[in-house]
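Everything on this sheet refers to the single structure shown next.
Throughout, read-outs are computed from the coordinates displayed, never taken from laboratory work. Computed from a prediction, not measured in an experiment: that's the story for all the values here. In this analysis, Cβ positions are derived from the backbone assuming ideal geometry, glycine residues included, and neighbour counts consider all displayed protein chains.
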Amino acid sequence: MRLLGRFRRTTTDCRAVGRRLQSYLDGELDDRRRDDIAAHLEACRDCGLELTTYRAVKESLARERPPAAVDVLDRLRSFGEQLTAGEGDDPHV
């Protein structure tokens, strides 16, 4: 992010943001982590686009279906974490 002609560095990298993005959207992070991720999202176009996509999917699901069971949400979150960790690349795993 550019502030008064200077670039603001964030201490959170893209991989860390990817691992916590769902928790960020769900409001489950402490203030420091939330602020770090928010700063990174402002500075990183790729992560900002990923956030926009997650929000659109979340809003679409909320409009179309009744709330999912907790175990379903846990499985989806686990799957997302595996993808960001590079563990979900092989469909046969």
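May I ask you to derive the FRET efficiency for residue 82 and residue 30 from their Cβ-Cβ distance with R0 = 22 Å, giving the value to the nearest 0.05? If you can, show how the numbers build up before the last one.
Working: r = 24 Å, r/R0 = 1.08.
The value I calculate is 0.40.
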Grab the Cα-Cα distance for residue 53 and residue 70, subtract it from 0.36 nm times how many residues apart they are, and report the gain in nm with one decimal.
-> 3.9 nm
